Amino acid sequence: MTISANEPEDSVVSIIMDGENAREYFPHNGYFFLSALYKQLSSHPDIELTTFSECLKNKVPVKPLKKLLAGSWVYGTFSTWIGDGDKNRGWDMLCDVKLAFDQAIADKRLSNKQLKKAEYQLAVCEGSDWFWWFGDYNPGQAVSSFEKQFRLNLANLYKLLDKEPPAYLSLSFTQGSGAPAMGGVMRQGTE
């Protein structure tokens, strides 16, 4: 690793990886790749491995970024998760339940036990993989399965908040029409 002469020695470089892809595309679920990567990083003379928590604890200076690009490996945009009408509908539904969650917190309606369950369920609902599947380019059967489970998870969160789930959660909002062989992969020939 080369550090620019203009950068201080205590610069922090983030290495953030999507582990799912190592498991899908490398032999043995990425074990050998990840082991070799970690070994190389940990034995490098100019690199000190740490965590964000340690950086904050050690008061490493934070510098504002002049520009921030989308960090997605899919086209360098977030189009796989937002922008399509069906994906946007999913986000609207998530926003609705998040507002109900926030209101329940503000009203102090939940016991500690209820809050823990609701927080966990909210985290399930906020998973980005739901939105990956919504839209027309994935196969209908896969889209239907993910979409139905997403709606059930949202409805479950409303119930944990002691609120009646909205009627729209009983209705499908995305169908899918892509080829089964292309299910879950990036769209070919697009940016």
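Computed from the coordinates by the stated procedures, all read-outs in this text should not be read as laboratory data. Note that this is a predicted model, so its numbers are computed, not measured. As a convention, Cβ positions derive from the backbone with ideal geometry for all residues, glycine included, and neighbour counts pool all protein chains shown.
Label reach from GLU126 (point 7 Å along Cα→C-beta): in the range 82-107, amide nitrogens under 18 Å belong to 82, 90-107. Applying 0.36 nm per residue to the separation of VAL62 and LYS113 and subtracting their alpha-carbon distance, the gain on full extension is 14.7 nm.
Which percent of Cα pairs goes in each bin when the distances of the range 85-182 are cut into 10 angstrom slices starting at zero? Bins of 10 Å from zero give 16, 46, 26, 10, 2 percent of pairs. Remark: the range 136-152, residue by residue, has Karplus-estimated 3J(HN,Hα) of 8, 8, 8, x, x, 5, 5, 4, 4, 5, 5, 5, 5, 5, 4, 4, 5 Hz, where x stands for each Gly or Pro and the curve is 6.51 cos²θ - 1.76 cosθ + 1.60 at θ = phi - 60°.
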